[in-house]
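*Asks:* Below are the structure tokens for one structure; questions will follow.
Each value in this text was obtained by applying a stated rule to the coordinates, not by laboratory testing. Note that this is a predicted model, so its numbers are computed, not measured. For neighbour counting, all protein chains shown are included, and Cβ atoms are generated from backbone atoms with ideal geometry for every residue, glycine included.
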Ligand code: ATP
């Protein structure tokens, strides 16, 4: 192993830069050459790569987004696109590739492994929807961003005695809503994994009002509905004034939390060590506080486990 490449793909996530830094610095520490691929798989197909030295990753550990840019590439989903990418890597003399991204990006990495490129995946997405790992890079930061928003919305909801529906990202995964809702003391958490039971949510809000609560916060995962529609339903059923807040892209930015920086640093460094050990087709995960690597096929076949325990806890604590 003499030269490796790194790319970021899919939705960006705070902490991706910390992972890039860790890959580049660990590689240089082990006397490897490193190139950064610009704009994910699109850049790979076009051979858009730049050499990375120690200084190229200076002053980025605290920055959100990704200095390598990210993209979604339709062409890479085709066999022809994948073959072009392999040829570009061969032309550049690259022996190993580190892919930072979500499930879709791992499917791309799986294809490259099958075509003979040594490839390691690092889970980077705010959604926390990758089954093989307890946490993905970016998730902790987004939970803190949402928590900050909840605290602000709580002030105004309380003044006006309203119910506020806060819609958060996560695609079909309810983890952002669940963790932020639990940490923020939400009255109800609506997630795709549990479905939306309007009667139960309204009962909870009315029970709270009856015992003197001045306001309610409802966390809604984007995969289970729209905040405006849910708010209208709740207002009709309870007679309580509701407001809807869709947090949107504010959730994707910001300086990564300490947890995400450490996760990214360790995973980035491990990715290089695996390539040095001649490993390929592996995904790095954190499970029960241990960093492990597992086969990419196995990682992609796993089903995401929802944290029912946290969900039940949030219900008990919001009576
Ligand atoms: P996030 O969940 O944060 O959006 P992601 O990695 O899941 O991240 P996707 O848009 O699903 O985001 O995938 C990123 C890119 O990976 C796609 O644009 C495509 O180029 C590639 N990709 C996705 N699925 C496949 C596949 N089945 N085969 C080959 N490449 C794929």
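*Asks:* Would you confirm, using the coordinates I've provided, whether residue 51 is within 12 Å of the ligand (Cβ to nearest atom) and touching a strand residue (DSSP E or B) at 6+ places or on another chain (Cβ under 9 Å)? Talk me through it step by step, then tell me what you get.
*Replies:* Working: within 12 Å of the ligand (Cβ to nearest atom): no; touching a strand residue (DSSP E or B) at 6+ places or on another chain (Cβ under 9 Å): yes.
Judged against the criteria, residue 51 is not a match.
*Asks:* Turning to a different aspect of this structure: Does region 92-100 contain at least one residue that is in contact with a helix residue (DSSP H, G or I) (Cβ under 6 Å, 6 or more places away or on another chain), more than 11 Å from the ligand (Cβ to nearest atom) and more than 25 Å from residue 15 (Cβ to Cβ)?
*Replies:* no
*Asks:* Name every residue in region 277-300 that is touching a helix residue (DSSP H, G or I) at 6+ places or on another chain (Cβ under 8 Å) and on the phi > 0 side of the Ramachandran plot, in order of residue number.
*Replies:* Step one: of region 277-300, the residues touching a helix residue (DSSP H, G or I) at 6+ places or on another chain (Cβ under 8 Å) are 280-286, 291, 293, 296-297, 299-300.
If the condition is that a residue be touching a helix residue (DSSP H, G or I) at 6+ places or on another chain (Cβ under 8 Å) and on the phi > 0 side of the Ramachandran plot, then 281 is the only one that fits.
*Asks:* Restricting attention to helices (runs of 4 or more DSSP H) lying wholly within region 244-319, give those where 2 or more residues are more than 30 Å from residue 157 (Cα to Cα) and over 20 Å from the mean Cα position of the chain (by Cα).
*Replies:* Of the helices (runs of 4 or more DSSP H) lying wholly inside region 244-319, those with at least 2 residues that are more than 30 Å from residue 157 (Cα to Cα) and over 20 Å from the mean Cα position of the chain (by Cα) span 258-276.
*Asks:* Surrounded by fewer than 24 Cβ atoms within 10 Å (Cβ to Cβ), away from the ligand (no atom under 12 Å from the Cβ) and within 12 Å of the chain's Cα centre (by Cα): is that true of residue 134 in this structure?
*Replies:* yes
*Asks:* State whether the residues of region 143-156 include one that is buried (at least 23 other Cβ atoms within 10 Å of the Cβ) and part of a loop (DSSP other than H, G, I, E, B).
*Replies:* no
*Asks:* Can you say whether residue 18 is in contact (Cβ under 8 Å) with a residue 40 or more places away in the chain, buried (at least 23 other Cβ atoms within 10 Å of the Cβ) and away from the ligand (no atom under 16 Å from the Cβ), as far as the supplied structure shows?
*Replies:* yes
*Asks:* Please enumerate the residues belonging to region 212-230 that are outside any helix (DSSP H, G or I) and on the phi < 0 side of the Ramachandran plot.
*Replies:* 213, 214, 215, 216, 217, 218, 219, 220, 221, 226
*Asks:* Further question on the same structure: Run down 98, 24 and say which single residue is buried (at least 19 other Cβ atoms within 10 Å of the Cβ), in contact with a strand residue (DSSP E or B) (Cβ under 6 Å, 6 or more places away or on another chain) and in a helix (DSSP H, G or I).
*Replies:* Of 98, 24, the one residue that is buried (at least 19 other Cβ atoms within 10 Å of the Cβ), in contact with a strand residue (DSSP E or B) (Cβ under 6 Å, 6 or more places away or on another chain) and in a helix (DSSP H, G or I) is 24.
*Asks:* Could you give me the residue pairs with C-beta distances under 6 Å whose first residue belongs to region 119-130 and is more than 14 Å from residue 297 (Cα to Cα), whose second residue is part of a strand (DSSP E or B) and near the ligand (Cβ under 7 Å from one of its atoms) wherever it lies, and which are 6+ apart or on separate chains?
*Replies:* 124/101
*Asks:* Can you find a residue that is in contact with a strand residue (DSSP E or B) (Cβ under 7 Å, 6 or more places away or on another chain) and within 10 Å of the ligand (Cβ to nearest atom) anywhere in region 148-169?
*Replies:* no
*Asks:* Taking the criterion of being assigned to a strand (DSSP E or B) and more than 13 Å from the ligand (Cβ to nearest atom), would at least one residue in region 106-122 satisfy it?
*Replies:* yes
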